[in-house]
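Encoded as structure tokens, the structure appears first; notes follow it.
Throughout, read-outs are computed from the coordinates displayed, never taken from laboratory work. Since the model is a prediction, treat every value here as computed from it, not as a measurement. FYI the Cβ positions are ideal-geometry reconstructions off the backbone, even for glycines, and counts take in every protein chain you see.
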Amino acid sequence: MNGLPGGASLPAVAEFSPRTRLRFRLMINPSAYKTIAVASTFSPRFEQVLSEAKRMSERFGAALSLIHVGEHNHETAKKFGDVLASLQLPADSTIYYERGNPAEGILRALKENKIDMVIAGALEKEVVLHPFLGNVARRLVREADCSIMLFTEPEREPKPWQRIVFVADYSDHAREALKRTFHLALGESSERLYVIRVMTTFDEARAKAEGNGGKSKTRDDEEIELENFVLSAGATEVPIEARYIRGNTGFAAADFVKSVEADLLVIPVAPSSGGGSTLPSNVAWITDVIPCNLWLIR
């Protein structure tokens, strides 16, 4: 991965492929989010999640609403009024009240109100060394038709995301998702955006079985393809490192996220032919374990 315009090769890292840093000038502002909703509960971290949601709505220039599964009464109205005032959000912010099962109520509100992205807390409880998704977050990841942003450690005074990891699959949807990621990373003044291609042992075996004129791609071929994918997404001032990662399982991506101490993991999820969308096999682990804040772009 040498000789790219506008950048220089960086030293190889033993467990991953060589890194290339690419620098360009931003030429796009591809925000496709007009409406963002935050899944609202009165948990100890509710105010922090709402504060993060406010920041994202400002980043994307989107209208922010709230979804609450529970009673609409004087007590809940006062709680919402207090927190909206505390965060300097409009007192008349739209709140969608739903009844029944929390996950089903949120999913129903998202569909009925044509929400483009939902924001929620990721964890129901802290488990030492095992940051598992909560049940509601897990169902949103699996079943929501819109994009999802989950926060593992939301803050009342959000800090910019310095390191972002994007998982590439070379589809048109992934290319558009990368453009959105450029936009967010620039707004965050991120110090590095890693674009990674994860190839598991199973992926390699399947590719070989499907055939390529009897010839398998070399690591150099894969790295060039990844570089071309990054270049095809357009221009950005955000420093980018492209990495081709081999591993026995998709957890190689989680290991990489931890190794660079990423603040955000971005995964594009394209709609399937039968409607809805399913997670790529090499990142299906994300429905259980979440290494950092997560943005699924649907």
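Observations on the structure shown:
- Taking other C-beta atoms within 10 angstrom as a stand-in for reagent exposure, Tyr170, Tyr194 fall in the order Tyr170, Tyr194, fewest first.
- Environment charge of Ser86, counting only residues whose C-beta is closer than 13 Å and scoring Lys/Arg +1, Asp/Glu -1: +1
- Amide proton proximity set for Arg192, modelled H, under 5 Å, gap of 5+: Ile164
- Sorting His68, His183, His173 from the fewest to the most surrounding beta carbons within 10 angstrom yields His173, His183, His68.
- Sum of side-chain charges, Ala77 neighbourhood, beta-carbon under 13 Å (Lys, Arg +1; Asp, Glu -1): -2
- When Asp145, Asp172 are sorted by how many other C-beta atoms sit within 10 angstrom of their C-beta, beginning with the fewest, the order is Asp172, Asp145.
- Region 217-298 - Rg over Rh from alpha carbon coordinates, Kirkwood radius: 0.97
- For q = 0.25, 0.27, 0.29 Å⁻¹, Debye-computed log10 I/I(0) when each Cα of region 140-198 counts as one equal scatterer: -1.23, -1.26, -1.26
- Taking Cβ atoms as reference points and 13 Å as the exclusive limit, the residues near Ser57 contribute a net charge of +1, counting Lys and Arg as +1 and Asp and Glu as -1.
- Per-peptide average of other Cβ atoms within 10 Å, ordering 76-84, 59-67, 107-115 highest first: 59-67, 107-115, 76-84
- Over region 43-173 - Rg/Rh using Cα atoms and the Kirkwood inverse-distance radius: 0.96
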